[in-house]
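Bear in mind that the values in this text are calculations on the coordinates, not laboratory data. This structure is a prediction, so every number in the text was calculated from the model and none was measured. Positions of Cβ are backbone-derived with ideal geometry, glycine not excepted, and every protein chain shown enters the neighbour counts.
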Amino acid sequence: MTALLALMVSACGPKATGTSAPAQAVEMGLDHVEVDLIRPYPGATKIYVQAILPDGEPGLFLVDTGAGITALSTSTAERLGIQGEDRGGRVQGLSGEAVWLQAELPSLDIGGLIVRDIDIAVGIPGMPERTGAMPVDGIIGNNVWGNYILAVDYPADTLELGLPGTIEVPRHAQPMQFDGNHIRVEVDLLAGEEGSRDTVEELLVLEVDTGARMLLLSGSLSGNLAQVSTEGEEPIFGLGASDRVPVSAFYRKTRRVPIQQASLGGVTLKEVNAATWMNYDGGARVGPSKMTGLAGHELLSEHRAVFDYQGGRFALGPSKGEARELDGHAIFLAQDIEKYGEAAPERGLVRARYRLYLGQEAEAEADLLSYIEIVELDPAAQVLLARMRRFEGDEAGYEAALAPLNAGDLFDEGELNGRINGLILAGRVGEAWDMAEKAAAKRPEEAGPQVALADAYMARGELVQARASLAQGARIAGNPDAYLKRRARVAMKDGDRIAALAYLRRQLSFYPSDGEALWFYATLVNELSDFEPTFRADLERAMGRLHPEGRPVDFLAAAWGLLGEPEKAEELLLGRVESDCMALKKESSQQNCKAWYMAMAGQGSDEALELVQEALETEGPRADFLDTLAVVHLVRQEYAEAAAAAQQAAALSPERFYHLWQAERMAEMAELHAPPESD
């Protein structure tokens, strides 16, 4: 993903309960097809396939063998005139349970193989309607796949689908249970730390789920696995999750089980990441009631997976084709050009979005401008152009692109906070306040404009009103603990550091993996040393709730440094440069990553400064790189330079609260350490 794109822009499928999924009517014709798998970017863990919908338009569907029923997005169902009915069923996902609105899809054409009269679920909470810039129309589940043999060739990025007898099932295939909703196979796990002789072998029956990313275990399994596992908390997201629920509601107690090898489908895998184990303590259950676990992308990605639904067999084997790394955005762009022609300004916005994901910034801009010339006014296009202009450092172009839009448009397109804080950073506080007030009037039912209004009030020094706006936003959001970091920022502005500490402590109690809150908390304690024992206790408690690999080690290292324990900071980050930074593809990103870790460990060396400066010379101004530069200067006690870099980062990404706080605190430090003026 490009730096510009970063500025602009589920674990398991639905399990049908209450109604069994009947076999679908298969139209005579093609009995075997092979189609491309589509991913949002090469190597992505989610795999999709295109299928023709009843209106003749192609749709993009998640390939999900963990889903008992096929699902359609709300927008696609509305376009097709399909309305769901509540017939008492429920859809169960990892994040909760939701009403199953049942409907029927007349047909689905997968590469020429046509399935008719498909039972579907409509409007499932948590089901994304986009992957990257590509619209997602739904999920194809086992009530479609179950009529066929399905072969998913991950390395070759192909999917085969055929009636029994049209696809050869490898001889080494293992038995597979299929009850009409779920498929289950035996998986033999060898658990224990790598290189350790203290291992446990466990044979489990798990669902093979192409829609899941990981190896997931669930329920009261063998106590032997507990001997080699660690406990912690982590957010678990999936279908059934409402976007109105705070992230803190999805933190779950889990165990991590190191896996040395896993055997399934007739093969043994030697390099497997740790399994996540849920529902091990007998408490309130998360996810489907009968689920014992999921064998997801982690176990499938290097193989061709063959699902023989009717014959009850499952196999993993070598790919049948050359390895490919297809990019769905390139496919969608090519299809759009083939359908509408090279010169199609009315498709400019769609193509610009695809091109940005492909790193084709100049072509994206040309497409976008051609689109804007022929349409009356499209807020989405204007905001996209504005963000491109801001990324280029063209502030006048940014403002010109946004000039035709009202405050409600800006909120709808996700640019309200960025616009308002950009005005504030430029010293145009009156304009920012006027815009925020108009947004709150135009969207009174939304919490976001209240947050923007709070920022504007704070810039005016009207802190009572800022607090009131945040409280109103929290009431609208239905979460009394919303915006705790912003409340802390207002308290800091009011000089009430004790209140700021209280808000950050509460934030950390809800979100123990929030590294930003941890770091800001540490900076305050650095000034209020009496609270150091409380901070240490809070830090240990928060980190103790998380799995070691889930801890925000960079911010944690910085916190230890502020506590006067640099050796702990260095120990935390030891080896992270190799594991994290060198895994990045671009040299400039590697350089920035190295400099960031060095600075967070308290090392403001010339090497760190040179690394991030070289990265910026290569990439041009980027908010994340400039933030690294600011922290390097801060560690070097070059306060004026740190404040300047932080201010520039905030100007490039004013929608991010983190950059706003960084700019403010570094400006304060620069002022504190400024040399006295001469007479």
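Overview of values
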{"read-out": "Ordering of 667-673, 81-87, 47-53, 586-592 by packing [mean C-beta count within 10 Å, highest first]", "value": "47-53, 586-592, 667-673, 81-87"}
{"read-out": "Simple label model, 7 Å out from Cα along Cβ direction - S301 to A343, nm", "value": "4.5"}
{"read-out": "Region 406-482 shape via C-alpha gyration tensor axes, a/c threshold 1.5", "value": "oblate"}
{"read-out": "Residues with amide H under 5 Å from that of L546, placed H, sequence gap 5 or more", "value": "E233"}
{"read-out": "For region 459-614, the spread of Cα positions along each principal axis, largest first, Å", "value": "46, 33, 28"}
{"read-out": "Relative packing of 102-114, 643-655, 526-538, which averages over residues the other C-beta atoms within 10 Å, highest first", "value": "643-655, 102-114, 526-538"}
{"read-out": "Alpha-carbon Rg with Dmax, taken over region 589-669, Å", "value": "11.2, 31"}
{"read-out": "Estimated distance in nm for a label pair at R475 and T74, the labels positioned 7 Å out from Cα along Cα-to-Cβ", "value": "2.5"}
{"read-out": "Ordering of 600-609, 353-362 by packing [mean C-beta count within 10 Å, highest first]", "value": "353-362, 600-609"}
{"read-out": "Per residue Cα convex hull volume in Å³ - calculated over region 343-405", "value": "70"}
{"read-out": "Vicinal HN-Hα couplings computed from phi for region 440-449 (Karplus, 6.51 cos²θ - 1.76 cosθ + 1.60; Hz; Gly/Pro x)", "value": "5, 6, 6, 10, x, 8, 10, 7, x, x"}
{"read-out": "Dipole axis of the chain (+1 Lys, Arg; -1 Asp, Glu on Cβ), positive-most option in A471, A630, I114", "value": "A471"}
{"read-out": "Region 495-548: C-alpha gyration tensor shape, a/c 1.5 cut-off, then a/b vs b/c", "value": "prolate"}
{"read-out": "Cα gyration tensor, region 278-394 - rounded (a/c under 1.5), prolate or oblate", "value": "prolate"}
{"read-out": "DSSP beta bridge pairing in the chain, given as percent antiparallel to the nearest 5", "value": "85"}
{"read-out": "Separation of the N224 and L528 label points, Cα + 7 Å toward Cβ, nm", "value": "5.2"}
{"read-out": "Dipole of the chain, positive direction: furthest Cα of A640, V577, Q260, with charges on the beta-carbon", "value": "Q260"}
{"read-out": "Calculated SAXS-style log₁₀ I(q)/I(0) at q = 0.08, 0.09 Å⁻¹ - the chain, Debye, Cα scatterers", "value": "-0.70, -0.90"}
{"read-out": "Extension gain, A674 back to E617 (0.36 nm per residue minus Cα-Cα distance, nm)", "value": "17.7 nm"}
{"read-out": "Karplus-derived HN-Hα couplings along region 666-672 (A = 6.51, B = -1.76, C = 1.60, θ = phi - 60°), whole Hz, x at Gly and Pro", "value": "6, 5, 4, 5, 5, 5, 5"}
